[in-house]
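See structure below.
The values are calculated or read from the model by the stated rules, or taken from the named source; none is laboratory data. Values in this document were obtained by computation on a predicted structure and should not be read as measured data. Cβ sites come from the backbone with ideal geometry, for glycine too, and all protein chains shown count toward neighbours. These area figures cover heavy atoms from the full protein model, side chains too; ligands, DNA and RNA do not enter into them. Shrake-Rupley method; radii C 1.70, N 1.55, O 1.52, S 1.80 Å.
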Amino acid sequence: MAAENIDDVVDGLAGIVREAGRTGDRVGYFAALYRQVTVEVRTAIHGGLFDDGARMDRFDTLFGNRYFDAYEAWRRDRSGPRCWREAFGLLDDADTAIVQHLILGVNAHINLDLAIAAARTSPGEAIHTLRRDFLLINDILARVALAVQDSLGALSPLMSLLDRVGARTDERILDFSVRQSREEAWYNAVLLAGQNEEEREATLERLDVRAAVLARLTARPGGLVRPALELIRSTESDDVAAVIARLDSAVERPSARQGTG
């Protein structure tokens, strides 16, 4: 499923979403979120938002292929990076809440894959020229996060409980903590861009282990978060295909926050 450009990434994600909807596979949850972000990035490239649109196309392609490679490795023999194995390993768990599935994908893709893609796009000192375009994606993520949050409000009516027990949730997970994770990913991208092969291998190992630990904490949280998630999950739709369809059209849906004016 190797993509050669951002159009291929969008098409590949759309294919995963369609198949997941047909079979009721929860892999479609994150894939639907990721597809929408990628479509928005492509629109921004075509609109001239970035300093170097061609570079952003290469960057997004490398980034997308990281996900496709992890997905194919899991489907083939349950291999791949630790953090992705943690995420994919819960796809058949009916007790895992929708927001947990989304966070698990976001965690692996940002805390491991993003730095790798950035460093490969602009190795060495060239990494610093990528900084502005890298940051511009934060605004795109915030817009998609708001739309997805609104969709999740209908699909997971008690999700706001997590705010009350002090957990990061909905917009804070899909926006604020994403920004923080992306800032850490930038630091690691700069590090990787200046390392030799042996040093890079050690850095990638560290990043994967850390992301896997975060995934396990997301999957099996402690304190008041666990019973809150159990209650949230009990109110969510069990129609996986319907959840995927709603998430996949979240950006196109009018935001309830806009009101009627």
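Okay, here's what the table says:
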item	result
Segment 1-137: relative contact order as a whole-number percent, Cα under 8 Å and 6+ apart	27
DSSP-loop trypsin sites (Lys or Arg not before Pro) across segment 2-78, with at most 15 other Cβ within 10 angstrom	Arg78
Within the accessible area of segment 1-65 (1.4 Å probe), percent carbon and sulfur	46
Average accessible surface area per residue within the chain, 1.4 Å rolling probe, Å²	46
Rounded Å value of the spacing that divides the Cα centres of segment 16-35 and segment 69-116	13
Positive-end residue, the chain charge dipole about Cα centroid, Cβ charges, pick of Gln149, Gly223, Ile110	Gly223
Cα-projected label distance for Leu158 with Met1, points at 7 Å along beta-carbon direction, nm	3.3
Listed residue (Ala185, Ala73, Ile98) projecting farthest to the positive dipole end of the chain, Cβ model	Ile98
Three-way shape call for segment 1-146 based on the alpha-carbon gyration tensor, with the a/c threshold at 1.5	prolate
Nearest-20 debye value, the chain charge dipole, Cβ charges on Lys, Arg, Asp, Glu	580
Percent RCO, i.e. relative contact order, over the chain, from Cα pairs under 8 Å lying at least 6 residues apart	29
